[in-house]
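The values are calculated or read from the model by the stated rules, or taken from the named source; none is laboratory data. This structure is a prediction, so every number in the text was calculated from the model and none was measured. Using ideal geometry, Cβ is built from the backbone for each residue, glycine included, and neighbour counts are taken over all protein chains shown.
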C-alpha cells in the first residue's frame with residue numbers, strides 16, 4: 001500500500017480477535033515510530049511495549065478509554081523524556097508524529113490500532129506511570145493499542161474545503 005492510500009484508509013480499531021501480535025510486527029511498528037521527525041532532532045520519544053495480559057487488564061480496568069487493550073494483545077506506551085526536550089509543546093508534537101507513524105505501520109501490516117490518550121489528563125498519566133514504574137522525568141503521552149482487527153471499517157473522506165484558507169484567513 002502506498003503512503004497516501006494508508007493515510008486515507010487508516011481507521012481507529014477498538015475491536016480485536018485476541019490473537020497474539022508477533023515480535024517482528026512490533027519491531028516494524030517501533031522502527032516506524034523512531035523514524036518520526038522531532039524538533040531539533042532531539043528524539044525524546046521512549047517506548048514501553050506491554051504484552052502481559054495481567055498488565056493490559058489492569059490498565060483497561062483503571063483507564064476508562066482503554067477497554068479494548070486486553071484483546072488487542074499489545075499496547076505500546078509512547079513517552080517523552082523531558083531531559084531531552086524540555087518544551088512541552090515540542091515534546092508532545094514529537095511523540096504525536098511518532099504515534100502517527102506507528103498507526104500507519106500497523107495499518108500497512110493489516111493490524112488494527114488505536115491511539116489511547118494519556119497526557120494531558122493527569123489522572124491517566126499518573127495511572128500509567130504508577131503501573132509501569134515510569135520515572136518522573138518521563139511523560140507518558142499515549143498508548144497505541146495494536147491487535148488483529150475483529151471489525152472492518154470503511155474509509156472516511158474528511159476533506160473539507162471550507163477549512164482551507166489561501167494566503168490569508
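Scan segment 36-46 and tell me whether some residue there is closer than 23 Å to residue 120 by Cα, touching a residue at least 24 places away in the same chain (Cβ under 8 Å), in a strand (DSSP E or B) and touching a strand residue (DSSP E or B) at 6+ places or on another chain (Cβ under 9 Å).
Yes.
When both residues are 6+ apart or on different chains and their Cβ atoms are under 6 Å apart, which pairs have a first residue that lies in segment 126-138 and is more than 15 Å from residue 52 (Cα to Cα), and a second that is modelled with pLDDT of 95 or more and surrounded by fewer than 18 Cβ atoms within 10 Å (Cβ to Cβ)?
127/62; 137/82; 137/83
Scan segment 71-86 and give yes if some residue there is over 30 Å from residue 3 (Cα atoms) and without any contact (Cβ under 8 Å) to a residue 24 or more places away in the chain, otherwise no. Give the steps one after another, and end with the answer.
Taking segment 71-86 first, the residues over 30 Å from residue 3 (Cα atoms) are 82-83, 86.
Narrowing the set further to residues that are without any contact (Cβ under 8 Å) to a residue 24 or more places away in the chain leaves 86.
Yes, because at least one residue in segment 71-86 is over 30 Å from residue 3 (Cα atoms) and without any contact (Cβ under 8 Å) to a residue 24 or more places away in the chain.
Conditions tested, residue by residue: (1) at pLDDT below 95; (2) buried (at least 21 other Cβ atoms within 10 Å of the Cβ); (3) within 25 Å of residue 9 (Cβ to Cβ).
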| site | (1), (2), (3) |
| --- | --- |
| 79 | no, yes, no |
| 120 | no, no, no |
| 123 | no, no, no |
| 127 | no, no, no |
| 132 | no, no, no |
| 140 | no, yes, no |
| 146 | no, yes, yes |
| 160 | no, no, yes |
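Which of the numbered conditions does residue 123 fail, given that it passes all the others? Conditions: (1) over 15 Å from the mean Cα position of the chain (by Cα); (2) in contact (Cβ under 8 Å) with a residue 24 or more places away in the chain; (3) more than 21 Å from residue 33 (Cα to Cα).
Against the list (1) over 15 Å from the mean Cα position of the chain (by Cα); (2) in contact (Cβ under 8 Å) with a residue 24 or more places away in the chain; (3) more than 21 Å from residue 33 (Cα to Cα), residue 123 comes up short only on (2).
Consider segment 70-100. How many of its residues are in a helix (DSSP H, G or I), closer than 13 Å to residue 142 by Cβ and in contact with a helix residue (DSSP H, G or I) (Cβ under 8 Å, 6 or more places away or on another chain)? Walk me through it before giving the result.
Residues of segment 70-100 that are in a helix (DSSP H, G or I), as a first pass: 70-72, 88-100.
This time we only want the ones that are closer than 13 Å to residue 142 by Cβ, so: 91-100.
Imposing the further condition that a residue be in contact with a helix residue (DSSP H, G or I) (Cβ under 8 Å, 6 or more places away or on another chain) reduces the set to 93-94, 98-99.
Total satisfying the criteria: 4.
If you go through segment 143-162 one residue at a time, how many are within 28 Å of residue 32 (Cβ to Cβ) and not in a loop (DSSP other than H, G, I, E, B)? Please lay out each step first, then the result.
Here is the first cut: in segment 143-162, the residues within 28 Å of residue 32 (Cβ to Cβ) are 143-160.
Next, from what is left, pick out any that are not in a loop (DSSP other than H, G, I, E, B): 143-147, 149.
Summing the residues that are within 28 Å of residue 32 (Cβ to Cβ) and not in a loop (DSSP other than H, G, I, E, B) in segment 143-162 gives 6.
Among the numbered criteria (1) under 16 Å from the mean Cα position of the chain (by Cα); (2) in a helix (DSSP H, G or I); (3) within 19 Å of residue 82 (Cβ to Cβ), which one does residue 106 miss?
Exception for residue 106: condition (3).
Give all pairs with beta carbons closer than 8 Å in which a residue from segment 5-23 that is on the phi > 0 side of the Ramachandran plot and assigned to a helix (DSSP H, G or I) meets a residue that is surrounded by 15 or more Cβ atoms within 10 Å (Cβ to Cβ) and modelled with pLDDT of 95 or more; count only pairs at least 6 apart in sequence or on separate chains.
Within 8 Å, no pair qualifies.
So which of 113, 60, 66, 106 ends up being without any contact (Cβ under 8 Å) to a residue 40 or more places away in the chain, closer than 26 Å to residue 21 by Cα and touching a helix residue (DSSP H, G or I) at 6+ places or on another chain (Cβ under 9 Å)?
Values: 113 fails: without any contact (Cβ under 8 Å) to a residue 40 or more places away in the chain; 66 fails: without any contact (Cβ under 8 Å) to a residue 40 or more places away in the chain; 106 fails: without any contact (Cβ under 8 Å) to a residue 40 or more places away in the chain.
60 is the lone residue from the list that is without any contact (Cβ under 8 Å) to a residue 40 or more places away in the chain, closer than 26 Å to residue 21 by Cα and touching a helix residue (DSSP H, G or I) at 6+ places or on another chain (Cβ under 9 Å).
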